[in-house]
Structures are given as structure tokens and as C-alpha cells.
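What follows is a short report on a single structure.
Coordinate-derived values only; no laboratory data. Predicted model only: the values in this text are computed from it and were never measured. Neighbour counts are summed over all protein chains in view; Cβ atoms, including those assigned to glycine, are modelled from backbone coordinates with ideal geometry.
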Amino acid sequence: MDFFDVVTTQRAMRRLKSDAIPEDALRRIMDAAICAPSGGNRQNWSFVVVRDRAKRARLGELYREAWGELMKVPYYAGAAKEPPDSPAGKMLASARHLAEHLGEAPVIVLACVSLDPGVKASLTTGASIYPAVQNIMLAARALDVGSCITTIHRFRDAQVKELLAIPADVETAALIPLGYPLGKFGRPPRRPVREVAFADRWGLAL
Ligand SMILES: Cc1cc2nc3c(=O)[nH]c(=O)nc-3n(C[C@H](O)[C@H](O)[C@H](O)COP(=O)(O)O)c2cc1C
């Protein structure tokens, strides 16, 4: 696929088939991940690629519990009351579907980043793992595999780490289900460039 067709049609795909992803495709996706930048090129990332059925099922249970926690957060509780055909309503319905079916995705990737002793996670910690997460999603899109960056597993972080034997000093930055999508890829709804990109100084339209 042309790069710009990939990047302009990659969006959150949360309704996924349970069909397996070929080994070769998965290897290509992970190879894209490790081509991402990281601060000082430290590559302090790790990826737990979960295909084991029982572990996926358990991640699905934990994710569903996490969804329950998220729905207690006022912003999301409010969004849950939006009309089902509004943008927020549609997004939430899609996210709820994932919460109810995560364990059925054939692959679930935990993208992790390790911290130096005594250092707390910060914006720059995230900056050393989220480019790799985006590479995973773009590579997946190029291979017609759907994905979605998610983070609510962190409501059950200790249990997720225990399940996958992730060390205590490693942060689980994102959980990414991968699978062939039931729906179609397409351009995601975004604010236009003229609203968000400025020419030479803040506020001056590009
Ligand atoms: C930091 C971050 C955390 C996210 N966490 C979740 C999540 O836990 N669950 C989920 O279903 N989607 C999650 N998303 C996906 C967003 O809801 C999604 O990217 C956004 O609605 C845009 O979707 P679109 O590309 O289909 O327009 C997250 C996205 C980001 C960037």
C-alpha cells in the first residue's frame, strides 16, 4: 500500500475477527515496531505478544473489569449518556464492544517500557514507546490487520503484569489487540490542519 493511503486510513478498529494472523505478518509488524525512535536510541522497550488462548481470555476478563472502572470516571459516564448515533456514542459503543470481546482477538500486544531505578514515568518515558505503538498500528494497517491503542488495562496493571511475568520496574504503556477487522478502514474524523497547525507563530494559520 501507498504510505499515505496507510496513514490516512488507520483508525481504531475494535471489532475484530478471531482468525489467526499469519506468522509472517506478525513478524513484519513487530519489525516495524522496533524501527521506531526512542530517547537516546536506548530501545528500552519490550513487547509481550500474547497468542495463548487462556492468557488472552484472562486479559479479556481483566480488560472488562477495567472497563467497569472507566465507566465510573465522570467524563466517560457522561459520554455513555450521549445518543448512540453521535460521535461520542459511536466511539463508546465500539470501545464497549472491545471491552466485551478483547479476549477473542487472535493477538494482544503489551507494549512495555522500562524505567531507570528511582525514575518515575513521565511524558518522555511515553515518548520512547508510543512511536513504536504507532508503527505497530501502521504496519498492521498496511497488512489489512486492525488494531487499537488502549490503556485501560492499567486499572488492572498488577494482575496483567503477574499474568505475563512482566517485571515490577517495567511500565505497561499500551495494550494493542490485533485482528482482521469486521468493519472497514477509513479516514478518521479529525480537526482540520488549518485549526491545529500554525505558521511561524501560535495562532497564525498555516
Ligand atoms: C493514549 C490513548 C489511550 C487510549 N485508550 C483506549 C482504551 O483504553 N480503550 C479503547 O477502546 N480505546 C482507547 N484509545 C483509542 C481512542 O479512543 C481512539 O484512538 C480515538 O477515539 C480515535 O479513534 P479513530 O482513530 O477511530 O478516530 C486510546 C487512544 C489513545 C491515544
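Can you pull out the residues in the range 24-76 that are among the small types (Gly, Ala, Ser) and in contact with a Leu (Cβ under 8 Å, 6 or more places away or on another chain)? Walk me through it before giving the result.
At the first step, the residues of the range 24-76 found to be among the small types (Gly, Ala, Ser) are 25, 32-33, 36, 38-40, 46, 54, 57, 60, 66, 68.
ALA25, ALA32, GLY60 - these are the residues of the range 24-76 that are among the small types (Gly, Ala, Ser) and in contact with a Leu (Cβ under 8 Å, 6 or more places away or on another chain).
Looking only at helices (runs of 4 or more DSSP H) that fall completely inside the range 1-111, which ones have 2 or more residues that are more than 13 Å from the ligand (Cβ to nearest atom) and surrounded by 12 or more Cβ atoms within 10 Å (Cβ to Cβ)?
Values: elements: 3-7, 23-33, 53-70, 74-79, 87-101.
Result: 3-7, 23-33, 53-70.
Filter the range 171-206 down to residues that are over 25 Å from PHE155 (Cβ atoms) and surrounded by 16 or more Cβ atoms within 10 Å (Cβ to Cβ) and give me whichever is farthest from the ligand (Cβ to nearest atom). Lay out the reasoning, then the answer.
To start, the set of residues in the range 171-206 that are over 25 Å from PHE155 (Cβ atoms) comprises 180-206.
Still in the running and surrounded by 16 or more Cβ atoms within 10 Å (Cβ to Cβ): 180-181, 185.
Numbers: TYR180: 17, PRO181: 11, PHE185: 10 Å.
Within the range 171-206, the match that is farthest from the ligand (Cβ to nearest atom) is TYR180.
In the list THR124, THR151, which residue meets the criterion of being surrounded by fewer than 19 Cβ atoms within 10 Å (Cβ to Cβ) and touching a Gly at 6+ places or on another chain (Cβ under 8 Å)?
Of the residues listed, the single one that is surrounded by fewer than 19 Cβ atoms within 10 Å (Cβ to Cβ) and touching a Gly at 6+ places or on another chain (Cβ under 8 Å) is THR124.
Using the structure shown, decide if ALA168 is aliphatic (A, V, I, L, M), away from the ligand (no atom under 16 Å from the Cβ) and either touching a Pro at 6+ places or on another chain (Cβ under 8 Å) or in a loop (DSSP other than H, G, I, E, B) (or both). Step through it out loud before you land on a result.
Numbers: aliphatic (A, V, I, L, M): yes; away from the ligand (no atom under 16 Å from the Cβ): yes; either touching a Pro at 6+ places or on another chain (Cβ under 8 Å) or in a loop (DSSP other than H, G, I, E, B) (or both): yes.
Yes: the conditions hold for ALA168.
Tally the residues that are of a type outside the set (Ser, Thr, Tyr), away from the ligand (no atom under 15 Å from the Cβ) and in a helix (DSSP H, G or I), restricting the search to the range 112-133.
Of the residues in the range 112-133, 0 are of a type outside the set (Ser, Thr, Tyr), away from the ligand (no atom under 15 Å from the Cβ) and in a helix (DSSP H, G or I).
Any residue in the range 179-201 that is under 23 Å from PRO22 (Cα atoms) and outside any loop (DSSP other than H, G, I, E, B) sitting within a Cβ distance under 7 Å of a residue that is near the ligand (Cβ under 10 Å from one of its atoms) and not β-branched (Val, Ile, Thr)? List the pairs, counting only those 6 or more apart or interchain.
Cβ pairs passing all conditions: PRO181/MET13.
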